[in-house]
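Before any comments, here is the structure.
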Amino acid sequence: MSTVPEEESGAMDLMAYEPVGDKKNSDFFNEYRLKIYERRKSSGVRDLLGAMRAIVIQVETGDGLGYLEEVYRTTPYRLESVRLGPTHKFYLLRGRPELPILIVLEPLSAQFIDSITRLNRLYPLARDKRNARYVGEVFQTKDLAATRETLESHNIRFEYEGEVENPFYVAGRFLWTFPSDNTTNRVGYTDSDLDDLAELPLGETVQLTAEEQGRLDAAEAFAHEHGLDSLILGVDHMATRILAGEREDAILEFLTMSPYYFWGAYNISDQNSSTNVNRNPDVDDDKKSPAKVFTANNTPSFVNSFENLPMPTEDFVRNYGRRMHHIAQEVRDGDHASGRKNIDFVVDTLRHAGVPFLAQVVGECTDEPNLKQIFSKHSAYTLLITEYVERCFGYEGFFTKDNVAALTQAAGQDEHYKHGNVFD
């Protein structure tokens with residue numbers, strides 16, 4: 001880990017920070033990374049934007065409650081409010097007070113079509129869940145109008161009334177960008193601190209039926225009985241997979257729209273990919289504003305036939321589209337009463353309850369800082385993988401090369417698409 005330079009005010013000096021890692025970036029990237037930091041400061045964006053306040057995911061019609069049960073068992077989030085809008089039901093969930101909230105969208109009609117539907121139809125392994133997709137994250141801003149005006153002058157596109165099928169993207173207290181050409185994710189902004197969810201104009205409040213509430217109560221009882229609610233701490237990072245040639249553009253675009261900085265990037269050579277991490281400089285714990293990771297092939301598929309290297313990252317994009325691949329939950333570091341590390345206990349408990357995982361936990365925690373990690377299989381409701389990560393003895397990074405290579409390989413084996421004589 002490199003030393004982080006600080007300005008006299010105590011804030012991080014982004015202009016002096018040297019990214020970590022062995023992934024080499026172009027002169028173009030290095031030049032515009034600094035130009036973006038400087039423009040964010042001079043234009044007021046740095047003062048306007050704060051921490052990530054919400055994570056937004058859409059599921060298929062009829063999958064809302066099933067996904068909430070999954071969330072109750074596998075994360076610290078619990079339902080606080082249900083709203084009924086003109087096109088969608090909204091489930092508003094909260095974890096610990098300092099964490100971003102979770103907003104789950106469920107179309108009221110199975111025939112609902114918008115940009116998510118159209119994107120999913122393009123890719124063979126996304127078509128069956130045509131409305132299921134990670135939408136984006138919401139950052140707090142001091143002024144919605146100033147945020148729109150300033151970022152539009154930086155060529156960021158926003159949604160406007162009359163141009164969207166889902167009115168959530170133009171609802172009061174929210175501002176949403178157009179889906180990114182590089183990642184298909186959106187970035188949202190709110191002038192609410194989201195402490196009082198009643199102030200959000202998302203439709204009338206509705207109650208779950210007794211049967212629906214009973215299902216969530218059973219999932220919560222399971223988590224509490226096994227102590228998972230105290231061991232699973234919150235979102236550590238989120239990883240989007242993109243195409244090889246779009247890696248630098250995707251990072252620079254995200255830096256333009258957010259208060260984050262490029263922390264660094266590492267090559268994962270035996271999987272022919274790189275992992276690129278971006279963090280919020282203004283939080284003392286990444287769970288308060290989770291890191292954004294972009295993963296891309298080093299060799300694009302149309303050239304890789306010359307090299308014949310593994311390419312699970314690019315295969316994922318070809319089969320599912322550019323999209324969020326996994327969301328990582330941090331597990332409390334320590335030894336469980338059962339004699340195992342906490343992550344081993346969490347995974348064994350969830351596996352016994354029917355949660356499928358791609359492989360065994362990777363990484364060692366002996367007597368020095370290290371990382372233990374594992375991927376679940378894709379959620380049947382969102383197509384997202386859940387990663388569990390335990391930082392042993394204060395480990396500060398997001399991965400080890402051996403760990404991420406093993407995880408990438410395991411995910412790649414589970415994301416094949418069989419068609420004709422081609423297997424990818």
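The numbers here are math on the coordinates, done by the rules we state, and not lab data. Source: prediction; values computed, not measured. No Cβ is skipped: glycine too gets one built from the backbone with ideal geometry, and neighbour counts run over all protein chains shown.
Within a straight-line Cα-Cα reach of under 17 Å, LYS341 can be paired with the following lysines, leaving aside sequence neighbours fewer than 8 residues apart in one chain: LYS372. The calculated FRET efficiency for the pair ASN308 and GLN360, based on their C-beta separation and a Förster distance of 25 Å, comes to about 0.35.
When the helices of the chain are scored as -39500 (n - 2.57) per DSSP H run of n ≥ 4 and the total is divided over every residue, the value at 222 nm lands at -8000 deg cm²/dmol. Computed extension length for HIS224-GLU80: 50.1 nm, one decimal, from 0.36 nm per residue of separation with the Cα-Cα distance subtracted. Relative to the current alpha-carbon distance between GLN111 and ALA380, full extension at 0.36 nm per residue lengthens the span by 94.9 nm. With viscosity 1.002 mPa s and temperature 20 °C, the Kirkwood radius over alpha carbon pairs of the chain converts through Stokes-Einstein to a diffusion coefficient of 97 µm²/s. What's the FRET efficiency of VAL20 with ASP128 using the Cβ-Cβ distance as r and R₀ = 25 Å, to the nearest 0.05? So the FRET efficiency works out to roughly 0.05. A full extension of the chain between GLU204 and LYS35 corresponds to an added length of 56.4 nm, given 0.36 nm per residue minus the alpha carbon distance. Taking Cβ atoms as reference points and 11 Å as the exclusive limit, the residues near PRO179 contribute a net charge of +3, counting Lys and Arg as +1 and Asp and Glu as -1. Of SER153, SER43, SER269, the residue with the greatest mean-square motion in the GNM of the chain, using alpha carbon springs below 10 Å, is SER153. All other residues whose Cβ lies under 12 angstrom from that of ARG148 are scored, Lys and Arg at +1 and Asp and Glu at -1, for a net of -4. If I build a Gaussian network model for the chain, linking alpha-carbon pairs within less than 10 angstrom, which residue out of LEU243, LEU309, LEU358 has the largest mean-square fluctuation? Ranking LEU243, LEU309, LEU358 by mean-square fluctuation puts LEU309 first.
The GNM of the chain, with springs linking C-alpha atoms under 10 angstrom apart, assigns the highest mean-square fluctuation among ILE101, ILE113, ILE327 to ILE113. A protection proxy built from the mean count of other Cβ atoms within 10 Å ranks the segments 293-301, 24-32, most packed first, as 293-301, 24-32.
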